[in-house]
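Trainee: I have a structure I would like to understand better, so I am pasting it below and will then ask my questions one at a time.
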Amino acid sequence: MPDLKKKIAEPGIIVMDGATGTQLQKLGLPPGMGPELWNLDNPEAVKTHYRAYVEAGADAILTNSFGGTRARLEFENAGDKVHEINVAAAKLAREVAGDSVLVLGSMGPTGQLMEPMGLLTYEAAVEMFAEQAAALAEGGVDGIHIETMSDLQEVRAAIEGAHKATNLPVTVTMSFDTHGRTMMGVKPEDAVKELWQLDVLAVGVNCGRTLEENLTAVTAMRAAAPEATLIAKPNAGLPHVDGLGDAVYDVTPEIMADYALKFREQGVKMFGGCCGSNPEHILAVKNVLK
Ligand SMILES: [Zn+2]
């Protein structure tokens, strides 16, 4: 199996995949339906999605398990399928990735507010993330990738849950989409200082808004923690709605590739795309970073 720790220590950048949700919608996933349900209901489509990124040259793909915590799956009336959905997400990815491409188990936010603002206790959050991480590990992932986070408490719970359930390396990114901060008000420099101490292999940014804003966040992280291993997985810009009511992202593969070089100047070791990016973006990034 590929080894994320070894690979990250080598020269060069690990090229990650692009968007999952928007890509599965192109393959027919009904809008509003949780993409994770397709791991059981339409495994061939999920494999087609994974394969497109492997063929584009991604060194690492994320499992289709972003909303795979118990809290999120309960919204889909699938709270009793946490284990099988996450095992399937990982197994399908492993089948496609073989033993040369890394498979990272994606874990996104629970969608619940934590105490004291909400009802979710720290301990309950740790348990939910541990449950998901254990299933992803059982399905054969090479690492756990925590992403699109905005609450530092929830990230801590996710990291603790991943370490509790597995011995796999953990990487983590937050989304700085609200005037340079996360939705919960966390600044990039504070996130990196806090998270880099928590036994993670790499830390960084994903989703957010524009490429430029993501670059600003990464630059702030680099300045605050020169020793940190950084990740960037930005959106292909901000979507606007076209005449047919579809969301359109304006960032071309060429623009994404130009920005990959700017992120490299900040010493980013893992780079991919988030919402609106597709295999063409990843192919262009792979070529420019060669
Ligand atoms: Zn995104």
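The values are calculated or read from the model by the stated rules, or taken from the named source; none is laboratory data. This one's a predicted model, so the numbers in the text were calculated from it and none came from an experiment. As a convention, Cβ positions derive from the backbone with ideal geometry for all residues, glycine included, and neighbour counts pool all protein chains shown. These accessible areas exclude ligands, DNA and RNA; they are computed on the full protein's heavy atoms, side chains included. Shrake-Rupley method; radii C 1.70, N 1.55, O 1.52, S 1.80 Å.
Trainee: Filter the range 32-87 for residues that are in a helix (DSSP H, G or I) and touching a residue at least 60 places away in the same chain (Cβ under 8 Å); which is nearest to the chain's Cα centre (by Cα)?
Mentor: Looking at the filtered set, the residue picked out is Tyr53.
Trainee: Evaluate the following for Tyr259: is it closer than 21 Å to Gly21 by Cα and open to solvent by 30 Å² or more (accessible area, probe 1.4 Å)?
Mentor: Working: closer than 21 Å to Gly21 by Cα: no; open to solvent by 30 Å² or more (accessible area, probe 1.4 Å): yes.
No, not satisfied.
Trainee: Moving on. What are the residues in the range 258-279 that are within 19 Å of the chain's Cα centre (by Cα), assigned to a helix (DSSP H, G or I) and of a type in the set (A, V, I, L, M), if any?
Mentor: Of everything in the range 258-279, just one residue is within 19 Å of the chain's Cα centre (by Cα), assigned to a helix (DSSP H, G or I) and of a type in the set (A, V, I, L, M), namely Ala260.
Trainee: Let me ask something else. Looking at Gln112, Gln132, which one is assigned to a loop (DSSP other than H, G, I, E, B), at pLDDT 95 or above, over 19 Å from Asn42 (Cβ atoms) and touching a Gly at 6+ places or on another chain (Cβ under 7 Å)?
Mentor: The match here is Gln112.
Trainee: When you go through (1) farther than 26 Å from Gly245 by Cβ; (2) open to solvent by 20 Å² or more (accessible area, probe 1.4 Å) one by one for Leu102, which number turns out not to apply?
Mentor: In the conditions (1) farther than 26 Å from Gly245 by Cβ; (2) open to solvent by 20 Å² or more (accessible area, probe 1.4 Å), Leu102 misses (2) alone.
Trainee: Between a residue in the range 262-274 that is modelled with pLDDT of 95 or more and open to solvent by less than 10 Å² (accessible area, probe 1.4 Å) and any residue that is within 16 Å of the ligand (Cβ to nearest atom) and of a type in the set (D, E, K, R), which pairs come within a Cβ distance under 8 Å, given they are 6 or more apart or on different chains?
Mentor: As it stands, the answer is Met270/Lys233; Phe271/Lys233; Gly272/Asp17; Gly272/Lys233; Gly273/Asp17; Gly273/Lys233, since those pairs meet every condition given.
Trainee: Please state which of the following conditions Ser65 fails to meet, knowing it meets all the rest: (1) over 27 Å from Ala257 (Cα atoms); (2) open to solvent by less than 10 Å² (accessible area, probe 1.4 Å); (3) polar (S, T, N, Q).
Mentor: Among (1) over 27 Å from Ala257 (Cα atoms); (2) open to solvent by less than 10 Å² (accessible area, probe 1.4 Å); (3) polar (S, T, N, Q), the lone unmet condition for Ser65 is (1).
Trainee: Can you pull out the residues in the range 134-152 that are open to solvent by 10 Å² or more (accessible area, probe 1.4 Å) and closer than 25 Å to Met117 by Cβ?
Mentor: Correct list: Glu147, Thr148, Ser150, Asp151, Leu152.
Trainee: Applying the selection to the range 162-217, what residues are open to solvent by 30 Å² or more (accessible area, probe 1.4 Å) and hydrophobic (A, V, I, L, M, F, W, C)?
Mentor: Selection gives Ala165, Leu168, Met183, Met184, Trp196, Leu198, Leu201.
Trainee: Still on this structure, please answer the following. Among the residues in the range 232-251, are any part of a loop (DSSP other than H, G, I, E, B), more than 16 Å from the ligand (Cβ to nearest atom) and at pLDDT 95 or above?
Mentor: Checked against the condition, which is being part of a loop (DSSP other than H, G, I, E, B), more than 16 Å from the ligand (Cβ to nearest atom) and at pLDDT 95 or above, the range 232-251 yields no hits at all.
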